[in-house]
Protein chains: 2
Amino acid sequence: MGAQFPRILPDHSVAFRIKAPEAKSVDVDITGKKFAMTKDSGGVWNVTTPHLVEGFHYYALDVDGVRVNDPGSHAFFGTGKDASGIEVPEDGVDYYLPEEVPHGDVRIRIYHSKITGQWRRCFVYTPPDYDSNPTARYPVLYLQHGMGEDETGWIFQGHANLILDNLIAEKKAVPMIIVMDSGYASRPAGPFSPASTGPDFTAFQDVMIKEVIPMIDSTLRTVPDRDHRAMAGLSMGANQALQIATHNLDTFAYMAGFSGTMNGLSTDPIDRDTAFGGVFKDGAAFNQRVKLLWLGMGTEEPKPFPGAIGAFRAMLEKAGVKYVFFSSPGTSHEWLTWRRDLNDFAPRLFK
Amino acid sequence: MGAQFPRILPDHSVAFRIKAPEAKSVDVDITGKKFAMTKDSGGVWNVTTPHLVEGFHYYALDVDGVRVNDPGSHAFFGTGKDASGIEVPEDGVDYYLPEEVPHGDVRIRIYHSKITGQWRRCFVYTPPDYDSNPTARYPVLYLQHGMGEDETGWIFQGHANLILDNLIAEKKAVPMIIVMDSGYASRPAGPFSPASTGPDFTAFQDVMIKEVIPMIDSTLRTVPDRDHRAMAGLSMGANQALQIATHNLDTFAYMAGFSGTMNGLSTDPIDRDTAFGGVFKDGAAFNQRVKLLWLGMGTEEPKPFPGAIGAFRAMLEKAGVKYVFFSSPGTSHEWLTWRRDLNDFAPRLFK
């Protein structure tokens, strides 16, 4: 709507502004740092940050100790609530931007879950030729967000639709449907169970296996078999995706963890024979059954991610489980990593 | 995500809470009133309002003079930015709530506009049987938001999809596609032109007639003729819808203004012979050509709406133009009025 601030300058510094004549102090909290704003004679607070690292950043303003969203920017659902977000562009990078290629639609779909007793919502990407090619059937990637995010994250922050539009236009990926559900689910009387490793991790898995997949297969033109179904996710969603996929090999033949694995935040060594119900005990059998196990992370991810993912990889290697590992140079636990992950993973699917 | 506040109490008073230990004053600004919050010893500010009028309300918190969103609630695009919103339920009213009926999808679609030189986005509702009935073709309602809102408003605030799901399930309305575009458009070098009566009101009309409608007709299973096309809008969008529809009678046979008409905010008498390019000069010819002209407003709308809409109606009556007038009891210039409008208007379409 023509807001002048926040404004990204050519050197990727960012100018923030907010009118707050009566405030005593205002900071911008972005990329893990706080930048103090200064008030002019009109009661308007300003700061221009130094160069900010490229990518999508959640941020907040701190007004007299109250953490608030910036009225000048759009909100994205992250950190458990609607949070301000800003995109510092990567010069010369366009694989996640809208290009003059055919575009798929992203459908907002509501459904009633008997398992949770609530109305839920998923986002569904259909590829560009879905409507013009009315007898074609498509494989499906189930793609999960991270902690504190929801079913909107992969579209509004991740640009999954644009990444696939571009890959499909270049014939690097086959046309596919992508289903993005909320990873949060709890049974009506039960505790809230976001973590996939806890004792209550069954509600989301049940929603996915018993409700979402049958709904998608019965209402969209899918190829409803394991060879045409993948599940992936980021961080908490990586844990969920790998737990669900490895325990439902009749349903999924492809799987990926972006900046996350089945051991969650633990860096402890993993016993291949007993961990995760023994799914990796027989590496050769796993390799024969699973068409692709894909893992990725950014080179700059903080603790405990390198250690936790490292422990999982060590277990896989000991078990002789084949997997692809993708390393995103210079990026952390953030959407730039996960966009690159999807851009590498999606072309390997359903071929 | 389980936020406890804001909390709507059984008597429709609302409890707000925010932690702000260092703030000097915090108010809640809702339904045109400010409610002062009081700070407890832990630095948490609280207020419980009296009973609030039913319906959807934008609101804000005022922290030491800075207008901010409530971290505890979802944001909706309104008032020109992401704004906090809350829904005070209408007891016993369910026509805009999700029910156990078949649901249509809402598609997020991006497209490049040659007219504006920019990427734009529209939301498209497809009715529940769109995917299961692959040879059926559908009529289309083009439905516009109001000033400061965007293409998301009719879904997230208006619940247009749920209203149609329910009407279609009850066989009160025929299955139809609804296209919701942004009413804001400007040519690359031109001024921003939101108002539909100004000299620059051509960019949005051109986007609608030359880009959106051809795109929809070429990619979805529509019946691409005037008898199966309607245009409606609310407030600023009413002005746009009626301007566009009356000046493109080869394209539209149905039209509606919700809380708005072609004379905008003017309450001056209107000359039927010369106003609006003379489209109402020959009332009999208009009646023969137009299948439905529908107007509606709430009984509690503030000035200038009653006067402006009244002046438009007086002109129509003088010209002998037939129209339906719907009055929403007890509601103002707000989403409750517009939901009721759609619920009355949609069943009259395409029959």
Original post:
Any idea what % of Cα-Cα pairs in the protein assembly as shown are farther than 32 Å?
Top reply: 56 percent
**OP:** Could you sort the residues of the range B:97-114 by number and keep only those whose accessible area is reduced by 40 Å² or more in the all-protein-chain setting relative to the chain alone, 1.4 Å probe?
**Re:** B:98, B:100, B:103, B:105, B:106, B:107, B:108, B:110
Original post:
For the range A:200-351, which whole percent of the accessible surface, found with a 1.4 angstrom probe, sits on carbon and sulfur atoms?
Top reply: 51 percent
Original post:
What are the residues whose amide H is under 5 Å from the amide H of residue B:107, where those residues sit 5 or more places off or on another chain and H is modelled from the backbone?
Top reply: A:108, B:124, B:125, B:126
Subject >> Partner chain coverage, peptide B:52-65 - average Cβ within 10 angstrom >> reply: 2
Subject >> Amide H partners (placed H, <5 Å) of residue B:256, local residues excluded >> reply: B:231, B:232, B:233, B:294
Original post:
In nm, what does the list of distances from residue B:322 to its counterparts in the other copies look like, shortest first, when each label sits 7 Å along Cα to Cβ?
Top reply: 7.3
Subject >> Shielding by partners, peptide B:119-132 (average Cβ within 10 angstrom, other chains) >> reply: 2
**OP:** For the B and A pair, go ahead and give the buried accessible area with a 1.4 Å probe, both sides summed, in Å² to 100.
**Re:** 3700 Å²
**OP:** Calculate, for residue B:118 and residue B:91, the FRET efficiency according to 1/(1 + (r/R0)^6) with r their C-beta to C-beta distance and R0 41 Å; round to the nearest 0.05.
**Re:** 0.40
Subject >> Over 30 Å between alpha carbons, listed pairs B:171/B:322; B:81/B:303; B:33/B:171; A:114/B:39; B:171/B:281 >> reply: B:33/B:171; A:114/B:39; B:171/B:281
Original post:
Residue by residue, what Karplus-based ³J(HN,Hα) values in Hz, rounded to whole numbers, does the range B:42-57 have, using 6.51, -1.76 and 1.60 with θ = phi - 60° and x for Gly and Pro?
Top reply: x, x, 9, 9, 9, 7, 10, 6, x, 2, 9, 4, 5, x, 8, 10
Original post:
Counting each DSSP H run of 4 or more residues in the protein assembly as shown as -39500 (n - 2.57), what helix-only mean residue ellipticity at 222 nm follows after dividing by all residues, to the nearest 500 deg cm²/dmol?
Top reply: -5500 deg cm²/dmol
Original post:
Does the range A:209-342 come out rounded, prolate or oblate, given a ≥ b ≥ c as the square roots of the eigenvalues of its C-alpha gyration tensor, rounded meaning a/c under 1.5 and, failing that, prolate meaning a/b above b/c?
Top reply: oblate
Subject >> Heavy-atom accessible area ranking, 1.4 Å probe, most first, across A:202, B:79 >> reply: B:79, A:202
Subject >> Computed magnitude of the charge dipole of chain A (debye, nearest 20; Cβ of K, R +1, Cβ of D, E -1) >> reply: 760 debye
**OP:** May I ask you to order B:147-154, A:244-251, A:104-111 by the average number of other C-beta atoms within 10 Å around their residues, highest value first?
**Re:** B:147-154, A:104-111, A:244-251
Original post:
Among the residues of the range B:1-33, which ones have their accessible area go down by 30 Å² or more when all the protein chains sit together, as opposed to their chain alone (1.4 Å probe)?
Top reply: B:1, B:22, B:24
**OP:** Sort the range A:43-189 into rounded, prolate or oblate with this rule: let a ≥ b ≥ c be the square roots of the eigenvalues of the Cα gyration tensor; rounded if a/c is under 1.5, and if a/c is not under 1.5, prolate when a/b is larger than b/c, oblate otherwise.
**Re:** oblate
Original post:
Using a basic spin-label model with each label point 7 Å from the Cα along Cα→Cβ, how many nm lie between residue B:33 and residue A:314?
Top reply: 6.4 nm
Original post:
Taking a probe of 1.4 Å, how large is the accessible area per residue of chain B, in Å²?
Top reply: 39 Å²
Original post:
Taking Cα pairs under 8 Å and at least six residues apart, what relative contact order does the range B:74-193 come out at, in percent?
Top reply: 32 percent
**OP:** Rounding to the nearest 20 debye, state how big the charge dipole of the protein assembly as shown is about its Cα centre with +1 on each Lys and Arg Cβ and -1 on each Asp and Glu Cβ.
**Re:** 780 debye
**OP:** In Å and from the alpha-carbon atoms only, list the Rg and Dmax of the range A:266-314.
**Re:** 12.5, 34
Original post:
Using a label point 7 angstrom from Cα along Cα-to-C-beta, what distances in nm, from shortest up, separate residue B:302 from the other copies?
Top reply: 4.6
**OP:** Taking every Cα atom in the range A:1-95, find the radius of gyration and the maximum pairwise distance Dmax, and write them in Å.
**Re:** 13.3, 44
Original post:
How far is residue B:21 from itself in the other copies, in nm, if each label sits 7 Å out from Cα along the Cα-Cβ line, shortest first?
Top reply: 3.0
**OP:** Could you tell me whether the range A:275-347 comes out rounded, prolate or oblate from its Cα gyration tensor? Rule is a ≥ b ≥ c as square roots of the eigenvalues, rounded for a/c under 1.5, then prolate if a/b exceeds b/c, otherwise oblate.
**Re:** oblate
Original post:
Across the residues of B:306-312, average count of Cβ atoms on other protein chains within 10 Å?
Top reply: 0
Subject >> Amide H contacts under 5 Å for residue A:298, placed H, 5+ residues apart >> reply: A:328
Subject >> Nearest-20 debye value, the range A:132-257 charge dipole, Cβ charges on Lys, Arg, Asp, Glu >> reply: 280 debye
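The values are calculated or read from the model by the stated rules, or taken from the named source; none is laboratory data. Since the structure is predicted, the reported quantities are computational estimates derived from the model, not experimental observations. Using ideal geometry, Cβ is built from the backbone for each residue, glycine included, and neighbour counts are taken over all protein chains shown. The protein model used for the area step is the full one, side chains on, heavy atoms only, and it has no ligands, DNA or RNA in it. Shrake-Rupley method; radii C 1.70, N 1.55, O 1.52, S 1.80 Å.
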